[in-house]
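Note sheet for the following structure.
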Amino acid sequence: MTGSEWFASAPGGLNRYFTELFHALARQPGAQVSAAAFGAPAPGARSWGGLGGSTVRRARTAFLDRDGLHPGTVLDRHFCLYGPAAVARHGRLPLVVHFHGPWAAESRLTGQSAAAARAKYLIERLRYLGADRFVVLSNHFREVLHTDYRVSLDRIAVIPPGVDLKRFHVFPLRPETPTRTVLCVRRLERRMGIDTLLRAWPGVLDEHPTARLVIVGTGTAEAELRAAATPLGDTVEFAGHVDDQRLTELYEQAQLTVVPTIALEGFGLIALESLAAGRAPIVTDCGGLPDSVRGLDPSLIVPAGDADALGARLVAGLHGTVPTPAQCRAHAETFSWDVTAERHLAMYRAIRQ
């Protein structure tokens with residue numbers, strides 16, 4: 001497995017997924033798994049070095065890493081820019097590509113030029129050449145990969161992610177607490193819809209004057225989001241980056257969570273983590289996000305970018321119209337990293353035949 005960064009050094013959905021899948025595969029009997037990415041490695045894995053340095057240097061370092069590539073190996077790349085070619089001394093290796101999202105389109109939404117986005121798209125297409133199988137987290141990204149990258153549907157496997165059920169514990173809600181807290185854990189980028197959430201928040205305060213919104217995360221849009229939140233005073237808190245222990249405490253304090261993404265959401269692993277902690281997530285109908293809650297309560301899904309609909313659903317949720325902590329946890333338990341790992345192993349074996 002080759003990734004971008006290890007989660008311990010660079011928190012984020014892709015890095016969390018890469019790290020957790022490595023652990024789950026390593027637990028499987030009969031599997032020999034190695035993995036490399038930048039940053040502090042997971043136990044039993046490797047690092048290509050620190051997070052600093054130029055992109056060109058990092059890409060070259062990862063490309064030249066041939067450790068573990070021998071006949072019988074399956075190479076599984078989780079980010080197009082980093083990782084060696086799928087060849088060993090005696091010939092070509094089976095190649096799996098995880099499509100966590102359209103890198104070029106995501107860059108365009110952060111304000112990069114059309115030329116830069118086009119260059120990234122061409123790099124993606126080049127690095128996808130020769131892949132035996134692509135893995136996506138949802139049917140939405142299956143369509144994106146097929147339509148925008150011209151990958152045939154029979155080469156795409158939809159394998160939902162898992163959630164670490166041991167890391168999260170269910171806490172009862174605190175009805176006696178006068179303050180109702182809404183938790184939002186997102187990278188602070190424009191496509192994450194935090195601006196929509198801030199536009200919805202005054203309507204929430206009309207019904208729940210003591211409500212509090214806690215936003216966890218950092219990103220390129222942080223300054224403009226903080227400016228937009230200024231009129232809302234101390235009802236909105238930007239918590240920045242937090243460690244797992246603090247995140248667990250924030251889930252315990254929250255009444256519910258919100259994932260207001262407006263574009264390019266492959267699945268929304270954070271929604272599963274909220275459910276594992278016993279807190280219902282209000283999500284948008286963006287990409288694969290609905291897949292995380294549809295089997296629990298479809299009313300948790302609101303139209304992406306619709307501040308009025310989002311505000312109304314948050315108001316109802318703070319009134320108690322959400323699944324109970326026990327119901328949330330039971331739904332999260334239908335998503336398991338071990339099942340996800342087993343499905344990957346079956347795919348690896350199939351393309352080696």
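Since every read-out is calculated from the coordinates, none of them should be taken as a lab result. In this text, all values refer to a predicted model and were calculated from it rather than measured experimentally. Glycine gets a Cβ as well: all are built from the backbone with ideal geometry, and neighbour counts include every protein chain shown.
Table for the structure above
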item: Point-charge dipole on Cβ atoms (K/R +1, D/E -1) for the chain, about Cα centre, debye to 20; result: 1480 debye
item: Charge dipole magnitude, Cβ of K and R +1, D and E -1 - the stretch 181-332, Cα centre, debye nearest 20; result: 120 debye
item: Residues with amide H under 5 Å from that of Val135, placed H, sequence gap 5 or more; result: Val97, His98, Phe99, Ala157
item: Segment Ser113-Thr321, length gained on full extension (0.36 nm per residue, minus Cα span); result: 70.5 nm
item: The chain - Rg (one decimal) and Dmax (whole number), Cα, Å; result: 20.6, 68
item: Global form of the stretch 181-332, assessed from the alpha-carbon gyration tensor, a/c cut-off 1.5; result: rounded
item: Extension reserve of the Thr179-Glu333 stretch, reckoned as 0.36 nm per residue once the Cα distance is removed; result: 52.5 nm
item: Prolate/oblate/rounded label for the stretch 205-287 (Cα gyration tensor, a/c 1.5); result: rounded
item: Relative packing of peptides 94-100, 139-145 - highest average C-beta neighbours within 10 Å first; result: 94-100, 139-145
item: Shape category assigned to the stretch 66-145 from the gyration tensor of Cα positions, a/c cut at 1.5; result: prolate
item: Point-to-point label distance, Ala31-Ala10, nm (Cα→Cβ direction, 7 Å offset); result: 2.3 nm
item: Gap separating the Cα centres of the stretch 178-202 and the stretch 214-256, nearest whole Å; result: 8 Å
item: Pairwise Cα inverse-distance average, inverted: Kirkwood Rh of the stretch 113-212 (Å); result: 18.3 Å
